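Structure first, then comments.
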Amino acid sequence: MSSGPFDFSPLFPGGLPAPAIKWTGSPKYNFTGGNNDPEQVPVEGLMAAADAVLRREGRTLASYGLASGPQGYRPLREFLAAKLKRDAGISCTFDDILIVSGSLQALDLVNGALLARGDTVIIERDTYQGALTRLDRLGVNVVGIPLDDAGMRTDVLASALADLKRREIRPKYIYTIPTVQNPTATILSEARRVELLKLAEDYGVPIFEDDCYADLTWDGRRPLALYAMSRSGGEIHIGSFSKSIAPALRVGFIVAPWDMLSRMLALKIDAGSGALEQMVLAEYCAAYFTEHVPQLRRGLRVKLETLMDALDEHFGTAAEFDDPRGGIFLWVKLPESVDVLKLYQSALAAGVAINPGPEWSTDKAHGINRIRLCFASPSKEDIRQGVATLADVCRQQFGVPTRAANIDYVAKAQGS
Ligand SMILES: Cc1ncc(COP(=O)(O)O)c(C=O)c1O
């Protein structure tokens, strides 16, 4: 035997994803990921909740699933059932809810229960990268439907469904982020919700509704969830505490009819999601959720305005975006001469991390001059400096923006 390090590589089965890259720390200006505002994590409240719930029920940690069974901590499911009724119009009981380890696990469970290689699903053209990478890994065909400012274009969806039917393909689901979409931050209008449900019903296709940003509309109002409006019962609804409280807690949930939920529960073979997080959330949220979220929203709005001002100042008309209806992301269109995959590399070298559009779109050519910027986690000062640095990098590499902050860079280069 050689005395060198053990070589695992001949043992890896085919089809494994490429190895992960080692984390070397966060970039100075980090506009990536779905991170939250550190200043808005309700640390004191979570500490008090942890203390209270552990004193009262800490000994239930001795059993897998606490004293609540495999679907998750019952008081958390009770909190969710009441909240979903109040905010989203969903009528369900704690028994219709499965607590999962972040809504990413919900994506895995829904996919695990419904998808096989070669299947087809319908999704929004610009969408969550975590959904896209999963579908790609599963070898599933993806049909992307464009969005406008009222969300998914249901006229295009109607044609896509008719076309698939002609080819005798029944899509396994229509995945949508209807309320504060990621990355476009649009909200599917009520009329479109009705159309989407009708189309799904007519073609016998389930709707997979990912609602993790729905608490974060600026005015606190949201349309009814698709799950609440459905007459067919062919909906799966998922949500998360990542965006309203904190993503590192890794607590999400699924609401679905029992014949779907029972399949997903059978696939969830991790003996339950982290119990302490569920207990602390239930304790905290029952008392403070409705007070915490409006405060969080106000703070996020201020950061968004800082970002939009900084883009106006440093990119001028070269950065196009709509004022989002809520959430934590701005979806920005840059001039067509900009290749954001190249910009991403040089920005990172200058300490600015951005999400390049092609990773968030089924249509890579559509995404190639778009970037997604998360404004929730960087400080206001870092937002300003990060955008100024990004504009400098972009100008050096692509010659745009040509005019920003009252400086005409073309004229300057010509010495006028
Ligand atoms: C649309 C969407 N779904 C799901 C997730 C996963 O969230 P988590 O696993 O933290 O609940 C995210 C995270 O950014 C998201 O944007």
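Kindly indicate whether ALA411 is modelled with pLDDT under 95 and more than 27 Å from THR176 (Cα to Cα). Spelling it out, ALA411 is indeed modelled with pLDDT under 95 and more than 27 Å from THR176 (Cα to Cα).
Anything in segment 320-341 that is of a type in the set (D, E, K, R) and buried (at least 19 other Cβ atoms within 10 Å of the Cβ)? List them, or say none. Answer for segment 320-341, where residues must be of a type in the set (D, E, K, R) and buried (at least 19 other Cβ atoms within 10 Å of the Cβ): just ARG325. Counting only strands (runs of 3 or more DSSP E) that sit wholly inside segment 33-147, those with at least 2 residues that are within 16 Å of the ligand (Cβ to nearest atom) and over 16 Å from VAL255 (Cβ atoms) are 120-124, 141-145. Applying the condition of being outside any helix (DSSP H, G or I) and over 22 Å from MET260 (Cβ atoms) to segment 153-178 and asking which residue is farthest from the ligand (Cβ to nearest atom) yields GLU168. A single entry from GLY130, GLY102, GLY139 fulfils the requirement of being closer than 15 Å to ILE238 by Cα, surrounded by fewer than 18 Cβ atoms within 10 Å (Cβ to Cβ) and not hydroxyl-bearing (Ser, Thr, Tyr): GLY130. Scanning segment 248-264 for residues that are surrounded by 20 or more Cβ atoms within 10 Å (Cβ to Cβ) and either at pLDDT below 95 or in a helix (DSSP H, G or I) (or both) turns up LEU249, MET260, LEU261, MET264.
The residue of segment 179-206 that is nearest to the ligand (Cβ to nearest atom), among those that are within 19 Å of ALA228 (Cβ to Cβ) and among the polar types (S, T, N, Q), is GLN181.
There is no residue in segment 207-218 that is more than 14 Å from the ligand (Cβ to nearest atom), of a type in the set (A, V, I, L, M, F, W, C), more than 22 Å from the chain's Cα centre (by Cα) and on the phi < 0 side of the Ramachandran plot. Looking across segment 236-285, just one residue is charged (D, E, K, R), within 16 Å of the ligand (Cβ to nearest atom) and without any contact (Cβ under 8 Å) to a residue 40 or more places away in the chain, and that is GLU277. Reported count of residues in segment 53-99, each being aliphatic (A, V, I, L, M), over 27 Å from the mean Cα position of the chain (by Cα) and surrounded by 14 or more Cβ atoms within 10 Å (Cβ to Cβ), is 3.
The values are calculated or read from the model by the stated rules, or taken from the named source; none is laboratory data. Since this is a predicted model, take the numbers as computed values, not measurements. Note that we place each Cβ from the backbone using ideal geometry, even for glycine, and neighbour counts take in every protein chain shown.
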